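Below: one structure, written as structure tokens.
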Amino acid sequence: MTNTDSLRIEQDAVEPFFKNGYILSCSETLQGIYIDPGEEAAQLLQQVEENNLQLVAIVNTHAHIDHICRVALVKEKWDVPIYLHPEDQDLYDSLPIQAERFGLSYPPAPPVDHPLQEGQELEVGRLVLKVHYTPGHSPGSVCLEVGKHVFCGDVIFAGSIGRTDLPGGSYETLMESIFTKVLPLGDEKILHPGHGPETTIGQERLTNPFLTTNP
Ligand SMILES: [Zn+2]
Ligand SMILES: [Zn+2]
């Protein structure tokens with residue numbers, strides 16, 4: 001059973017991508033996971049230390065560069081399993097090529113240990129994270145639901161949606177994911193996107209221009 005009273009969330013976002021990295025932890029057991037390790041990794045790992053947390057997994061909502069570029073750094077410090085949906089494996093393996101397009105240089109990310117799949121449940125201390133497969137922004141994008149919180153990667157943002165012009169992206173698939181997987185989670189759910197501020201499903205359902213102008 002998910003006891004979300006035990007949920008603790010640390011978030012940070014830094015240049016150049018200003019992508020939100022998250023540490024979710026169980027305040028009773030102090031176990032935690034790192035969602036989407038990017039350039040903020042040094043700061044969030046410091047939070048892990050200061051709060052005496054024990055990382056038990058690295059979970060990626062998808063494999064764009066901004067969300068995986070510091071998986072290697074986190075894995076070096078915490079030798080814990082890496083989770084990714086298999087449909088994003090090709091993107092994951094192409095990290096050095098993705099980096100080149102930005103004039104950056106990252107070594108290949110360390111191997112994925114476990115596939116994420118629709119309906120899967122991940123236990124973190126007393127918390128249970130439910131995996132929702134929500135492709136469209138990328139072929140293997142997932143959202144992670146824990147109690148009233150949803151970590152939605154680049155599927156949906158406050159007032160916007162993920163871009164679909166990158167390799168493997170599909171506008172139709174993304175809209176289907178949003179309408180059939182995300183919105184049904186319920187208006188009261190708090191969305192924690194990969195970029196920008198948190199919002200709620202209800203707020204987006206009523207005001208997000210990409211949702212209000214679509215059937
Ligand atoms: Zn992305
Ligand atoms: Zn992103």
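Give the residues of the stretch 67-87 that are buried (at least 21 other Cβ atoms within 10 Å of the Cβ) and out of contact with any strand residue (DSSP E or B) (no Cβ under 9 Å at 6 or more places or on another chain), sorted by residue number.
Listed by number, the list holds a single entry, C69.
Give the residue, chosen from T213, T173, that is over 26 Å from Q31 (Cβ atoms), more than 16 Å from ligand 1 (Cβ to nearest atom) and of a type in the set (S, T, N, Q). Please lay out each step first, then the result.
Values: T173 fails: more than 16 Å from ligand 1 (Cβ to nearest atom).
Being over 26 Å from Q31 (Cβ atoms), more than 16 Å from ligand 1 (Cβ to nearest atom) and of a type in the set (S, T, N, Q) holds for just one of T213, T173, which is T213.
Need the failing condition index for I23 against (1) under 17 Å from V124 (Cα atoms); (2) surrounded by fewer than 18 Cβ atoms within 10 Å (Cβ to Cβ); (3) touching a helix residue (DSSP H, G or I) at 6+ places or on another chain (Cβ under 8 Å), just the number.
(2)
Could you tell me how many of the residues in the stretch 26-50 are surrounded by fewer than 18 Cβ atoms within 10 Å (Cβ to Cβ), of a type outside the set (S, T, Y) and touching a residue at least 40 places away in the same chain (Cβ under 8 Å)?
2
Determine, yes or no, whether G140 is away from ligand 2 (no atom under 16 Å from the Cβ), within 19 Å of V59 (Cα to Cα) and either touching a residue at least 24 places away in the same chain (Cβ under 8 Å) or not polar (S, T, N, Q) (or both). Lay out the reasoning, then the answer.
Details: away from ligand 2 (no atom under 16 Å from the Cβ): no; within 19 Å of V59 (Cα to Cα): yes; either touching a residue at least 24 places away in the same chain (Cβ under 8 Å) or not polar (S, T, N, Q) (or both): yes.
Here the answer is no, as G140 does not meet what is asked.
Limited to the stretch 145-174, what total is found for residues that are within 15 Å of ligand 2 (Cβ to nearest atom) and closer than 17 Å to I35 by Cβ? It would help to see each step written out before you state the result.
As a first pass, look at the stretch 145-174 and keep what is within 15 Å of ligand 2 (Cβ to nearest atom): 151-158, 160-169, 174.
Now drop any that are not closer than 17 Å to I35 by Cβ, which leaves 151-157, 162.
Summing the residues that are within 15 Å of ligand 2 (Cβ to nearest atom) and closer than 17 Å to I35 by Cβ in the stretch 145-174 gives 8.
Within the stretch 80-95, is there a residue that is over 19 Å from G168 (Cβ atoms) and of a type in the set (A, V, I, L, M, F, W, C)?
Among the residues of the stretch 80-95, at least one is over 19 Å from G168 (Cβ atoms) and of a type in the set (A, V, I, L, M, F, W, C), which makes the answer yes.
Within the stretch 67-87, can you find the residues that are closer than 20 Å to Q46 by Cβ and charged (D, E, K, R)?
R70, K75, E76, K77, D79
Among what's in the stretch 192-208 and is over 17 Å from N20 (Cβ atoms) and either free of Cβ contacts under 8 Å to residues at least 24 places away in the same chain or in contact with a Ser or Thr (Cβ under 8 Å, 6 or more places away or on another chain) (or both), pick the residue that is nearest to ligand 1 (Cβ to nearest atom).
The selected residue is N208.
Name the single residue, out of those in the stretch 95-154 being among the aromatic types (F, W, Y) and surrounded by 14 or more Cβ atoms within 10 Å (Cβ to Cβ), that is nearest to ligand 1 (Cβ to nearest atom).
Looking at the filtered set, the residue picked out is F151.
Every residue in the stretch 108-132 that is out of contact with any strand residue (DSSP E or B) (no Cβ under 9 Å at 6 or more places or on another chain) and either closer than 22 Å to V155 by Cα or of a type in the set (K, R) (or both), please.
none
Any chance the stretch 127-135 includes a residue that's farther than 21 Å from H195 by Cβ, of a type outside the set (G, A, S) and more than 13 Å from the chain's Cα centre (by Cα)?
Residues of the stretch 127-135 that are farther than 21 Å from H195 by Cβ, as a first pass: 127-128, 130.
When the remaining residues are screened for being of a type outside the set (G, A, S), the result is 127-128, 130.
Next, from what is left, pick out any that are more than 13 Å from the chain's Cα centre (by Cα): 127-128.
The answer is yes; a qualifying residue exists.
FYI, it's all coordinate maths here, none of it is from the lab. This one's a predicted model, so the numbers in the text were calculated from it and none came from an experiment. Cβ atoms come from the backbone with ideal geometry, glycine included; neighbour counts cover every protein chain shown.
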